[in-house]
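To start, the structure itself, in structure tokens.
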Amino acid sequence: MAPRSNRQIIAVADPAALAKAAADRIIAGMAAKPGRVAICLTGGSSPKQLYQLLATDGYRSRIPWDRVHWFIGDERFVPAGDPLNNMGMARHIFLDRFAPIENIHPIPTEAANPAAAALRYESELKSFHGADRLDPARPLFDTVLMGVGPDGHTASLFPGYPATQETERWVVGVPQAHVEPFVPRVTLTFPALSSCREMLFEMAGPEKRAILTRLLAGENLPANRAHSIGETIWLVDQAALPENFRGH
């Protein structure tokens, strides 16, 4: 699992406070980094409130849109316009309104199959990075957003799946999901996701408490193996915190 010294848990009051804390960290990271910025977004329900906040005047006016590039950590293998499409949600809420089209990098789900989409996205990431190898001194991403599923998966790295053991590939196809929706996926691997200055997990709501209890107990689950080169931040609201962890 990720070393404890590399993980900071920040408790917040509720989902609104969580979204604000995440947005503030993302904006601060952009301000501190001159030149090109790479943000890797996440799917699922967790980031929706964050994306809505980034679309408000107070935040979007502070984003240097011309130099920020937006990627996605995993994608459901459905058409771009499908409601299940992860990048589609982010595009609908804020990206298509404010980001230059050439700065938006979706996983190409129009490919023949998830494996083909993974190869194409890996090629795009390598081209953007300017190298075929990941270098800890030069991270691929500045910020990687992550969520946690009820089984402890993160991105589309499910417990016991071959993708969790991948050490060379940056992106792989996942033929079948472990949880709903049961559609094939395309996911970045641990090496690619970990190549970042900051990894930012969002966990909110009482439905996350059971899996968070298991993760904090040190269970060997994918979400416990995901960590950045720099800081790994777990933003957790009070409803998701296990009883014995509150007040820590």
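For Glu219, state whether it is under 23 Å from Ala23 (Cβ atoms) and touching a residue at least 40 places away in the same chain (Cβ under 8 Å). Quick ask: steps written out before the conclusion?
Values: under 23 Å from Ala23 (Cβ atoms): no; touching a residue at least 40 places away in the same chain (Cβ under 8 Å): yes.
Here the answer is no, as Glu219 does not meet what is asked.
Checking Arg225, Arg169 one by one, the residue that is in contact with a helix residue (DSSP H, G or I) (Cβ under 9 Å, 6 or more places away or on another chain), closer than 18 Å to Ala115 by Cβ and of a type outside the set (Val, Ile, Thr) is Arg169 and no other. Taking the numbered list (1) open to solvent by less than 40 Å² (accessible area, probe 1.4 Å); (2) part of a helix (DSSP H, G or I); (3) of a type outside the set (D, E, K, R) in turn, Ile39 passes all entries but (2).
Using the structure shown, decide if Ala177 is touching a residue at least 12 places away in the same chain (Cβ under 8 Å), farther than 29 Å from Pro108 by Cα and either among the aliphatic types (A, V, I, L, M) or touching an Asp or Glu at 6+ places or on another chain (Cβ under 7 Å) (or both). Reasoning before the result, please.
Values: touching a residue at least 12 places away in the same chain (Cβ under 8 Å): yes; farther than 29 Å from Pro108 by Cα: no; either among the aliphatic types (A, V, I, L, M) or touching an Asp or Glu at 6+ places or on another chain (Cβ under 7 Å) (or both): yes.
So Ala177 fails the test.
If you take the residues of the stretch 195-225 that are within 20 Å of the chain's Cα centre (by Cα) and of a type in the set (Gly, Ala, Ser), which of them is surrounded by the fewest Cβ atoms within 10 Å (Cβ to Cβ)? Step by step, filter the stretch 195-225, then rank; the result is Gly205.
Among the conditions (1) within 22 Å of Ala223 (Cα to Cα); (2) touching a strand residue (DSSP E or B) at 6+ places or on another chain (Cβ under 9 Å), Lys20 misses just one, which is (1). Checking each residue in the stretch 226-244 for being touching an Asp or Glu at 6+ places or on another chain (Cβ under 8 Å) and open to solvent by 10 Å² or more (accessible area, probe 1.4 Å) picks out Gly230, Glu231, Gln238, Ala239.
Note on the stretch 12-36: residues that are free of Cβ contacts under 8 Å to residues at least 40 places away in the same chain and either of a type in the set (Asp, Glu) or not in a helix (DSSP H, G or I) (or both) amount to 4.
Within the stretch 66-81, is even one residue within 21 Å of Val148 (Cβ to Cβ) and free of Cβ contacts under 8 Å to residues at least 60 places away in the same chain? Yes, because at least one residue in the stretch 66-81 is within 21 Å of Val148 (Cβ to Cβ) and free of Cβ contacts under 8 Å to residues at least 60 places away in the same chain.
Residue count for the stretch 108-162 satisfying the condition of being of a type in the set (Asp, Glu), farther than 17 Å from Val186 by Cβ and open to solvent by 50 Å² or more (accessible area, probe 1.4 Å): 2. Kindly provide the set of residues from the stretch 52-104 that are closer than 19 Å to Cys196 by Cβ and either aromatic (Phe, Trp, Tyr) or open to solvent by 80 Å² or more (accessible area, probe 1.4 Å) (or both), ordered by number. If the condition is that a residue be closer than 19 Å to Cys196 by Cβ and either aromatic (Phe, Trp, Tyr) or open to solvent by 80 Å² or more (accessible area, probe 1.4 Å) (or both), then Trp70, Phe71 are the ones that fit. Determine, yes or no, whether Asp14 is at pLDDT 95 or above and acidic (Asp, Glu). Considered against the rule, which asks whether it is at pLDDT 95 or above and acidic (Asp, Glu), Asp14 comes out as yes. Taking the criterion of being touching a helix residue (DSSP H, G or I) at 6+ places or on another chain (Cβ under 9 Å) and open to solvent by 30 Å² or more (accessible area, probe 1.4 Å), the only residue of the stretch 174-183 that qualifies is Pro175.
The values are calculated or read from the model by the stated rules, or taken from the named source; none is laboratory data. No experiment lies behind these values; they were computed from the predicted model shown. For neighbour counting, all protein chains shown are included, and Cβ atoms are generated from backbone atoms with ideal geometry for every residue, glycine included. Note: accessible area is taken over every heavy atom of the protein model, side chains too, but ligands, DNA and RNA are not part of it. Shrake-Rupley method; radii C 1.70, N 1.55, O 1.52, S 1.80 Å.
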